[in-house]
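Written out below as structure tokens is the structure these notes cover.
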Amino acid sequence: MYDLIVIGAGSGGVRCARMSAQKGAKVAIIEERFYGGTCVNVGCVPKKLFVYASHYGEDFHDARRFGWDVRSSQFDWPTLVENKNAEISRLNGIYENLLKNSGVTIYNGRGRLTSPNTVEVNGETLQTKNILIATGSYPFKPDFPGSEHALISDHMFYLDSLPSHAVVVGGGYIAVEFAGILAGLGVSTHLIYRGASLLKRFDVDVRNHLAEELERKGIQVHLSNNIESMEKLSEKEFRLKLSSGDELSTGLVLYATGRKPLTHDLGLEKAGVTLGPEGEVQVNEHYQSNIPNIYAVGDVINRMQLTPVALAEGMYVSSQLFGGEPVPVDYERIPTAVFSQPSVATVGPTEEDARVQYPDLKVFRSSFRALKNTVSGNQERTMMKLMVDGATDKVVAAHMVGPEAAEIVQGIAVAIRAGATKQIFDTTIGIHPSSAEEFVTMREPV
Ligand code: NDP
């Protein structure tokens, strides 16, 4: 009899399994695909490696006015994929070892619940006191004529070759990130979004600033538009009919239109677990489903599809079940980044939401060309924004679009969580010369 069976060895599942085993619980984890889940294999990690790869083209160009003679800079896609694959295999091994070394029993296969206390894997039935569903999510692609030819983000990590032209559909994290990767690697890139403004859940200044920068990078953005049909002309050529009436010819179409919780064929109905409208496991504030000994964390609960959130949720469940102080996740102030080019990072509400929450809101904003670009000639601009509750002087949000936004905003997020006031920001000495110092030198509200 296990104390805990975890289904899914992604970020949340592995963290909860390891922590629980380290506390002395008898734990098994079941995984049918790969250790580390989406983030390690077809998400955050390889995506960020691709972002690094795609930035070199611009860096080589910028280097010239700094005196570098950069004659030839040819990019070879198979080299990138091969080296990325080697790194991912290394990480898979680390995850497997972490589990083994903490005493977790690993089952490779598909786990299915047969009751609230039994899980079947590879024909074997395991008994358990508790179950954690941590199966994550899968990319959603809408149905339309020819949609079978469109790719999802999983495929992008294993393409044999890069096309000369590509179309990305969607206006969220993955669409904006992959449009930047493709364009940076020299692919003529169109980004098609059905709405009026990309990254619609982000602050208005972030959205406006990023839109200008994406165009500057040569990404052709089509707003309020969609693909109506996709026709395959050859292995590497597709013709698209758009809702605007236009036609486009392209070598690849990537759909980045959200991710859905992965709950089918897990036997959840046999155990009586209630699912929500998107197929998510519905949980209470303790990540407990309607069946008290069945828990769920991460993308499968469809709250915030972010690795660090899944980790925090996994740790909460482990502490709750096997000892320790469960630390509730503060969903209000989750810092997050979009690795677009330039990157976006943010913590706290958008201006629109902050105006509702804080009637006496003060907004500080700065837009500038970073020092490096004055010599390189690169026209890219950086935008930073702070919002302050006038009633308490507390900084309630920070938004940034610019190089290393994630590295900078992570620190600002700590200050905001600690309740820092604008006066504390103002009396903090800047690090000069840096872009980050702008966050402590914004004096006049806009
Ligand atoms: P998002 O939810 O961010 O964006 C989905 C986009 O697809 C939206 O613009 C949405 O439009 C559009 N869309 C949805 N359905 C359709 C449709 N039928 N036709 C056309 N467009 C459609 O999802 P992503 O796929 O980009 O990413 C999934 C999640 O993964 C993110 O929400 C994020 O939590 C996580 N992620 C995090 C990253 C990071 O931390 N850097 C990187 C990548 C992913 P509309 O706005 O109109 O609904």
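The values are calculated or read from the model by the stated rules, or taken from the named source; none is laboratory data. Treat the numbers as computed from the prediction; the structure is a model and nothing was measured. Here the Cβ positions follow ideal geometry from the backbone for every residue, glycine too, while neighbour counts run over all protein chains shown. For accessibility, only protein heavy atoms count, side chains too; no ligands or nucleic acids. Shrake-Rupley method; radii C 1.70, N 1.55, O 1.52, S 1.80 Å.
For segment 232-311, build the charge dipole from Cβ charges (+1 Lys, Arg; -1 Asp, Glu) around the Cα centre, then report which of ALA256, LEU311, PRO292 sits farthest towards its positive end. So the residue furthest toward the plus end is ALA256. Here the 3J(HN,Hα) profile of segment 430-446, calculated from phi with Karplus coefficients 6.51, -1.76 and 1.60 at θ = phi - 60°, is x, 9, 10, x, 8, 7, 4, 5, 4, 5, 10, 10, 7, 9, 9, x, 8 Hz, Gly and Pro shown as x. Highest average first, the peptides 139-145, 41-47 ordered by how many other beta carbon atoms sit within 10 Å of their residues are 41-47, 139-145. Protection proxy ranking of 189-199, 239-249, 280-290, by the mean of other Cβ atoms within 10 Å over each peptide's residues and highest first, is 189-199, 280-290, 239-249.
With a threshold of 31 Å on the Cα-Cα distance, the over-threshold entries among LYS200/LYS422; LYS48/LYS385; LYS47/LYS236; LYS129/LYS260; LYS47/LYS141; LYS84/LYS422 are LYS84/LYS422. Going 7 Å from the Cα of GLU212 toward and past its Cβ, which residues in segment 361-392 have a backbone nitrogen under 13 Å from where you end up? Only 366-370, 379-384 fall inside the zone, counting backbone N under 13 Å.
Which FRET efficiency, nearest 0.05, do THR79 and GLU235 yield, Cβ-Cβ r, R0 22 Å? The value I calculate is 0.45.
Comparing LEU191, PRO277, THR118 along the charge dipole axis of the chain, the residue lying farthest to the positive side is THR118, per the Cβ-charge model. What is the distance in Å between the Cα centroid of segment 389-435 and that of segment 271-327? Each part reduced to its Cα centre gives a spacing of 31 Å. Backbone amide hydrogens, once placed in the peptide plane, bring LEU191 within less than 5 Å of VAL168, GLN220, VAL221, HIS222, excluding anything fewer than 5 places away on its chain.
Put simply, the amide H of SER137, placed in the peptide plane, has neighbours under 5 Å in LEU262, leaving out anything fewer than 5 places away on its chain.
At a 1.4 Å probe radius, carbon and sulfur cover how many percent of the accessible area of the chain? The nonpolar share, carbon plus sulfur, comes to 51 percent.
The protection proxy used here, the mean number of other Cβ atoms lying within 10 Å of each residue, ranks peptides 395-402, 346-353 as follows, highest first: 395-402, 346-353.
Bridge orientation summary for the chain: considering DSSP beta bridges with both residues in this region, about 60 percent are antiparallel. Across every direction, the projection of the convex hull enclosing the Cα atoms of segment 331-446 has a mean area of 7.2 nm².
For GLN410 and VAL70, the difference between the fully extended length at 0.36 nm per residue and the C-alpha to C-alpha distance is 119.0 nm.
Per residue, the chain exposes 46 Å² of solvent-accessible protein surface, assessed with a 1.4 angstrom probe and all protein chains in place. Which of the three applies to segment 132-230, rounded, prolate or oblate, going by the alpha-carbon gyration tensor with a ≥ b ≥ c and a/c under 1.5 meaning rounded? Taking the square roots of the gyration eigenvalues as a ≥ b ≥ c, segment 132-230 is rounded. Karplus-derived 3J(HN,Hα) values for segment 98-114, using 6.51 cos²θ - 1.76 cosθ + 1.60 with θ = phi - 60°, are 4, 5, 4, 5, 8, x, 7, 7, 9, 10, 9, x, 9, x, 10, 6, 10 Hz; glycine and proline are entered as x. Here the label points at ARG417 and ASP160, each 7 Å from Cα along the C-beta direction, are separated by 4.7 nm in the simple model.
I want to verify the translational diffusion coefficient of segment 144-195 in µm²/s; compute it with Stokes-Einstein, Rh as the Kirkwood radius over Cα pairs, at 4 °C and 1.567 mPa s. For these conditions, the coefficient is 111 µm²/s. Diffusion coefficient (Stokes-Einstein, Kirkwood radius over C-alpha pairs, 4 °C, 1.567 mPa s) for segment 12-141: 73 µm²/s, rounded to a whole number. On full extension, the segment bounded by GLU269 and ASN97 gains 58.6 nm, given 0.36 nm per residue less the C-alpha separation. Applying the Karplus relation 6.51 cos²θ - 1.76 cosθ + 1.60 with θ = phi - 60° to segment 399-414 yields 3J(HN,Hα) values of 9, 8, 10, x, x, 6, 4, 5, 5, 7, 6, 4, x, 4, 4, 5 Hz, where x marks Gly and Pro.
Anisotropy class assigned to segment 12-83 is prolate, per the alpha carbon gyration tensor with a/c at or over the 1.5 cut-off and a/b larger than b/c. Here each label is just a point 7 Å from Cα along the line to Cβ, and for SER244 and ILE429 those points are 5.3 nm apart. Translational diffusion coefficient of the chain at 4 °C, 1.567 mPa s, Stokes-Einstein with Kirkwood Rh over Cα pairs, in µm²/s as a whole number. D = 55 µm²/s.
From its DSSP helices (H runs of at least four residues, each -39,500 (n - 2.57)), the chain gives a residue-normalised ellipticity at 222 nm of -9500 deg cm²/dmol.
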